[in-house]
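This report concerns only the one structure given below.
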Amino acid sequence: MQITHKGAADTRRRPSVATIVSWNIENLAPRVAEGASEPLAWLVERLDSPEIVCMQEIRVRPEDELLVERMRAALPGYACHFSLCRDKANVTFRGGRMYGVVTYTHRRLGSAAQTTFDWDREGRLVATELEERGLAVVNVYAVNGTSKPYWDHDLGRFEGDRHAFKRRFIERLTHACEGLRARGLDLVLIGDWNISRTRLDTYPRLRTEAPHALARRLFNEVFMPTIDLVDVFRHLHPDERKYTWFNRRAPPGALDAARVDFALVTEPLLPRIVEADILDAQEYRHGSDHAPIFVSLRV
């Protein structure tokens, strides 16, 4: 674990309630390009300018220096924390422009420190610590398990597939969260988890093939209890069917969708939760196959 950036504090207009929005934007670059028709600041304004914005699948590489600088400056008044894909062995599609996460925190929340993780070569995880608030917001873009072979950098050879890599990612995330909790921080883990937790979270069917079933069982029965996590949307809406991912290849009029984006909070935060929901209307997606989600809590 390494602290790589600390933002300056801004004590003006400290909010009593903070809203965290998460969205798999499916390519940030067009939103921060010069002359963009729908720039990032415009999109965030349409989301009511939340205190924290977490985005996944931003597809910006470390060597895209101009894009990185534009990303940093895209939201005036916000600090920018990110992790980008640097895995040249496993990520060759689109010239390596894959994955990546970015978190923007408004400076009125106070100082914020970024934590990234050396083992996260695909840029799937960044933790933003609001230490004076006793809170860490962990932006997650979890692995999508497939049968594609995975190059293990530690072993220097192909070892297993991306189903196994998905399980290993969650194990490492567990250890990272235990480290944050040991420092007295409550956690909000939010993002695209690439997993549906129950049959209620998918339509028309839940994938029950062995690798998916195993990943789901480990997620529900090991990962969440170990960190003492609660699925906020399902806690507030126990029977509601809403989805965050929509299959573009579905026939016209047919629904193929799943709730794979969600917020998990450590149980002591539950009394501070004000609201959580999914912005599933088409107008909020802006070309992505994912809908934004949000959670509001007293800070």
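Structure data summary
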item: Overall Cα dimensions of the chain, principal axis frame, Å, largest first; result: 52, 46, 44
item: Measure of compaction for the stretch 224-299 (Cα Rg per 2.2 N^0.38 Å); result: 1.24
item: Difference of contour (0.36 nm per residue) and Cα-Cα distance, ASP289 to LEU255; result: 11.0 nm
item: Scattering curve values for the stretch 46-146, log₁₀ I(q)/I(0), Debye with Cα scatterers, q = 0.17, 0.21, 0.22 Å⁻¹; result: -0.76, -1.09, -1.17
item: The chain, relative contact order [Cα under 8 Å, separation at least 6], %; result: 18
item: DSSP loop GluC sites (Glu not before Pro) with at most 12 other Cβ within 10 Å excluded, longest remaining stretch of the chain; result: 64-208
item: Square roots of five times the Cα gyration tensor eigenvalues for the stretch 125-269, Å; result: 26, 23, 13
item: Ordering of 98-109, 140-151 by burial proxy (mean other Cβ atoms within 10 Å per residue, highest first); result: 98-109, 140-151
item: Value at 222 nm in deg cm²/dmol, rounded to 500, when DSSP H runs of n ≥ 4 in the chain each add -39,500 (n - 2.57); result: -5500 deg cm²/dmol
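No lab work stands behind these numbers, since they all come straight from the coordinates. Remember, predicted model here, so these are calculated numbers, not experimental data. Note that each Cβ is placed from the backbone with ideal geometry, even for glycine, and that neighbours are counted across all protein chains shown.
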